[in-house]
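Let me begin by presenting the structure, written as structure tokens, before commenting on it.
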């Protein structure tokens, strides 16, 4: 098989377009920086809190509609053991954006935080906040990995370009333009990328639906053809797992720094809300092509295609079903257009993860803990180094696993079970304190590890109701255990916070043991002596006035 030269030329042109947009945005960033009178870090990380509404909608949508979104939906729809009912991403994301707009945007935007970890640092102190930052950073590194896996697999299939080269080239381009202009570069390149995603995917769909190797997807949706019906089904004993996956995707996204980076860059709380609501509609529309592509792949007689038998699922290539379908079922020029969509999606998510992790490290760890006197110039270098380090770490992980869904679910899982309950408590429950947060954090991590994870080969120690072997012979939890862990962690935070508050405020334990300084300052009451003093002062004033007369 020879290398696809026209495809390489198109991809080179695409990368140059993105890089050029990033350079242009970086020049605008420097112009704004000259006018800016506040903290310079806000220009790089939050675009001066004055991002345009339309650009804000594009960048928030593009952050969520990444390579994992496009390829993950197609993979789940095609997989005969799952089906479209398990391709959950678009609908939970609507819930993510609506909850974010209604409840989370206001306290975050009105308090003018720089990152989502600021409230933790202000209330709990640096030590605990640093511990809580760690899972957020790990989630971002996994985000980078899953986006690169999706692009590497696609380019290697369609362009016959080495998987390693595909990933390295894409990683370098995303790192470079993120380094150049911070959120300005990320946001404006997201506009170009989202337009490319929309056009490219919808151009490919008609060719796939009318290809001669596939049956009508309306027929194969509910009837056995070349494999199980692509619509899929949720058995009663799988309902708990389906609900669990839905909740992970819907609420896990609310604990990502990338989400709040867009919220905090808005010029007002109202604009932040509108950004969230508009983005939810885009997510739904952009999820449809991937479902259709997965459905066509499930309705295809692969023996009659250039791909041949065994099928992609039997070869363990379900994670690359979108590029395989494009290559096998559409003309060459159409498949090249399709890879442009995947590349755009990958870039739009990867740059967000890079800047997100750089924000957490530079603002919450370096600026607030290590070097409080750091200059704006020094902070710019810290941000750049952070972007490179996270980019390299994510790139390295891509060689460990080729499944988009693995990185997707593990990353969001960590945000949901550990970070989401912490964020809810600190924003909406005044009773929460460092003691409750510490114990809730430990409870969440311990329960999650003991619950096991078949995706990474971790066997369960805690076996919830319905725990059994799946079709691959792996012990799997079918109970909504991650939602259970999240709720347990949340209740642990509140319970232990309340107990600690009682212990120290009632004097049951000496104040010298109060590491988080939660003992309330006692207000001086307007007691009898104070009242008497006021009366005496009043009488004295009257006597003085009389004497003067």
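Things to note:
- The long axis of helix 90-99 is offset from the longest Cα principal axis of the chain by roughly 10 degrees.
- Averaged over residues, the count of other Cβ atoms within 10 Å places the peptides 287-300, 386-399 in the sequence 287-300, 386-399, highest first.
- C-alpha long axis of helix 67-78 to longest principal axis of the chain, angle in °: 50
- Nearest-ten-degree value, helix 239-252 long axis tilted from longest Cα axis of the chain: 60
- Set against the 2.2 N^0.38 Å expectation for a compact globular protein, region 135-265 has a Cα radius of gyration ratio of 1.38.
- Taking the helices alone, the chain has a mean residue ellipticity at 222 nm of -22000 deg cm²/dmol, built from -39,500 (n - 2.57) per DSSP H run of at least 4 residues and averaged over all its residues.
- On the principal axes of its alpha carbon atoms, the chain extends 113, 58, 37 Å, with the longest extent given first.
- Full extension of the chain between residue 219 and residue 373 yields a length gain of 48.8 nm, computed as 0.36 nm times the residue separation minus the alpha carbon distance.
- Direction-averaged projected area, Cα convex hull, region 236-319: 8.7 nm², rounded to one decimal.
- Relative contact order [Cα under 8 Å, 6+ residues apart], the chain, whole percent: 25
- Cα centroid separation - region 100-120 against region 195-238, whole Å: 40
- q = 0.22, 0.29 Å⁻¹: log10 I(q)/I(0) that the Debye formula gives for region 464-506, counting C-alpha atoms only: -0.74, -0.91
- Per the Debye formula on identical point scatterers at the alpha carbon atoms of region 210-255, with no solvent, log10 I(q)/I(0) at q = 0.24, 0.28, 0.30, 0.32 Å⁻¹ is -0.83, -0.95, -1.01, -1.07.
- For the pair residue 470 and residue 267 in one chain, pulling the backbone fully straight at 0.36 nm per residue adds 68.2 nm over the alpha carbon distance.
- Under the Debye formula (equal points on every Cα, no solvent term), log10 I(q)/I(0) of region 297-381 at q = 0.23 Å⁻¹: -1.06
- Over region 104-146, equivalent-ellipsoid semi-axes from the Cα gyration tensor in Å: 21, 16, 6
- The Kirkwood hydrodynamic radius of region 429-521, based on inverse pair distances between different Cα atoms, is 15.1 Å.
- Label-reachable residues, region 319-355, where backbone N falls under 20 Å from a point 7 Å from residue 210's Cα toward its Cβ: 325-339
- The label-point distance for residue 233 and residue 498, in a model that sets each label 7 Å from Cα toward Cβ, rounds to 4.4 nm.
A short reminder: the numbers here are calculations on the coordinates, not readings from a lab. Keep in mind the model is a prediction, meaning the values are calculated, not measured. Ideal geometry is used to build each Cβ from the backbone, glycine not excepted, and the neighbour counts take in all protein chains shown.
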